[in-house]
Amino acid sequence: MAYEGMIAETIRIIGHNGDPISAYAARPLGAGPFPGMVLIHHMPGWDEWYRECTRRFAHHGYATVSHNLYERFGQGDPADVAAKARAEGGVSDDQMVGDTEAAVQWLRRQVWHNGKVGLFGTCSGGRQTFLFACRQKSIDCALELWGGRVVQDELTPKQPVSPITLTKDLSCPLLGLFGNEDRAPTPEQVDQHEAELKKHGKNYEFHRYDGAGHGFFYYDRPAYRIEQALDGWQKVWAFANKHLSTK
Amino acid sequence: MCTSIVEISDCDGMGKGDGGEWFKLTHSVVSYDHPHHALLEEAITIDFVNRALEPGARVAVELTLDAAKVLSAALQRAIAQAEIEESHRHRPG
């Protein structure tokens, strides 16, 4: 059996406005080159599931970074930090883009990186993944999982643009995974999202699952749906390999 | 579901948070969204916080929708009785 190992550690990167923020980075041991993956955490915060997800991508050969979008709300239990973020209106889209670009560029500077970077996000992170892929041109593919509020009715100073209106600027191939029992996004909103992608001739693939709602990958929550999650992960690996491998 | 159902209000009082310390409250936050602990897809979450303090300064509950309705009704009843008491207290003469 071949030797297998990985390194997983917290790092500091320089985020939006020059603010230092924390990130969790994991990669296989060895010289590489490894494809890169940046993970945008969900609304419940920079939590254990995202730590495990970071290591899971590393297990599959990706140099992976999960950065803490809630850094500026303070340190502590992820649920407490997420609550503080909610109490203060969440993070702005501009700040999210700045922090995420910093994570992407950190990967691109590493000697063991293969020059390709994907972006993965679930829940609010799914929305942010799509938004980033429309605003920036620095990633090679985007993986949006049940991105709530891509079709955004209520605009706020921190989230002033409905992401779907930026579809024409999508800069890379997009994978979308959705549960047909989800209420944010609803199947009708996913239809609108897909129609806009088609209208602009974008490279995308959507997979929609019956019997699943929001967050069906979360094995520690009632929303977990094992069959749909296992199939969804296969879609993730196939898509990421197709767009990020240089072998 | 990834909702935007959040109601943030000023709050005045004290709360007992992480570590058992009491702290002054500045805001209450009521939302209907993903709970962290309750085994529900969505819950009414109520946080009493002090924005000037660290994130651990939080009194939190995650309730089913039905439990939240029961709590809301109980609050309404208690407040109505309290207002009657207060009106007697402040009556001149």
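Here, each number is a calculation from the coordinates, and none is a lab measurement. As the structure is a prediction and not an experimental result, all values here were calculated from the model. Positions of Cβ are backbone-derived with ideal geometry, glycine not excepted, and every protein chain shown enters the neighbour counts.
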#### Entry: Derived scalar couplings ³J(HN,Hα) [the stretch A:168-180; Karplus, 6.51 cos²θ - 1.76 cosθ + 1.60; whole Hz; x for Gly, Pro]
4, 8, 3, 9, 7, x, 10, 10, x, 10, 9, x, 6
### Message
What does the extension gain come out to for B:Glu21 and B:Gln76, with contour length at 0.36 nm per residue minus their alpha carbon separation?
### Response
17.0 nm
### Farthest toward positive dipole pole in the stretch B:6-58 [+1 Lys/Arg, -1 Asp/Glu at C-beta], among B:Ser28, B:Ile44, B:Met14
B:Met14
### For chain A, built as a Gaussian network whose Cα springs stay under 10 Å, the top-fluctuating residue of A:Arg221, A:Arg208, A:Arg183
A:Arg221
### Query
Spin-label point model (7 Å from Cα, Cβ direction): what's the A:Ala2 to A:Thr156 distance in nm?
4.6 nm
#### Entry: Base-10 log of normalised Debye intensity for chain A (one unit scatterer per alpha-carbon) at q = 0.13, 0.14, 0.16 Å⁻¹
-0.76, -0.89, -1.20
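Which value, in debye to the nearest 20, gives the size of the charge dipole of the protein assembly as shown about its Cα centre, when Lys and Arg are +1 and Asp and Glu are -1 at the Cβ?
On the way: 35 positive and 45 negative charges, 223 e Å.
So the dipole magnitude of the protein assembly as shown works out to roughly 1060 debye.
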### Query
Counting DSSP beta bridges with both partners in the protein assembly as shown, what percentage is antiparallel, nearest 5?
55 percent
### Message
If the reach is capped at under 27 angstrom between alpha carbons, list the lysines near A:Lys84, excluding any in the same chain fewer than eight residues apart.
### Response
A:Lys158, B:Lys16, B:Lys24, B:Lys69
### Query
If you bin the C-alpha pair distances of the stretch A:123-171 every 10 Å from 0, what whole percents do you get?
29, 58, 13
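Counting Lys +1, Arg +1, Asp -1, Glu -1, what net charge surrounds A:Thr167 among other residues with beta carbon under 9 Å of its beta carbon? Walk me through the numbers on the way to the answer.
Details: positive: A:Lys168, A:Lys199, A:Lys202; negative: A:Asp169, A:Glu196.
Summing Lys and Arg as +1 and Asp and Glu as -1 gives +1.
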### Task
Can you check what the Kirkwood hydrodynamic radius comes to for chain B, Cα pairs only, in Å to one decimal?
15.1 Å
### Coordinate range along principal axes, alpha carbons of the stretch A:62-201, Å, largest first
39, 38, 27
### Summary
Cα-based Rg then Dmax for the stretch A:143-238, in Å, read 13.7, 40
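Taking each residue in A:34-47, count the Cβ atoms of any other chain within 10 Å of its Cβ, then average. What number comes out? Don't skip to the end; give the middle numbers.
On the way: counts 0, 0, 0, 0, 0, 0, 0, 0, 2, 4, 4, 2, 0, 1.
Mean shielding by partner chains, rounded to a whole number: 1.
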#### Entry: Over 18 Å between alpha carbons, listed pairs A:Lys116/A:Lys247; A:Lys202/A:Lys242; A:Lys198/A:Lys235; A:Lys137/A:Lys202; A:Lys168/A:Lys199
A:Lys198/A:Lys235
### Query
What residue among A:Ile13, A:Gly30, A:Trp146 has its Cα farthest toward the positive end of the dipole of chain A, where the charges are +1 on Lys, Arg and -1 on Asp, Glu, each on the Cβ?
A:Gly30
### Net length gained if the chain between A:Arg183 and A:Asp169 were fully extended (0.36 nm per residue, minus Cα distance)
2.4 nm
### Message
Suppose the chain between A:Asp231 and A:Gln136 were pulled fully straight at 0.36 nm per residue; how much longer would it get relative to their current alpha carbon spacing?
### Response
31.3 nm
### Message
How much of the pair distance distribution for the stretch B:1-50 lies past 17 Å, counting alpha-carbon pairs only, in percent?
### Response
44 percent
### Query
Given a cut-off of 13 Å, what percent of all Cα-Cα pairs of the stretch A:1-62 lie beyond it?
66 percent
## Note on the structure
For the stretch A:96-179, the percent of all C-alpha pairs falling in each 10 Å bin, from 0 up to the bin holding the max distance, is 18, 51, 25, 5, 0
### Task
Output the Cα-based Rg and Dmax of the stretch A:1-127 in Å, rounding Rg to one decimal and Dmax to a whole number.
14.3, 51
### Query
Which far-off residues, 5 or more places away or on another chain, put their amide H under 5 Å from the one on A:His67, with H placed in the peptide plane?
A:Tyr24, A:Leu39, A:His41
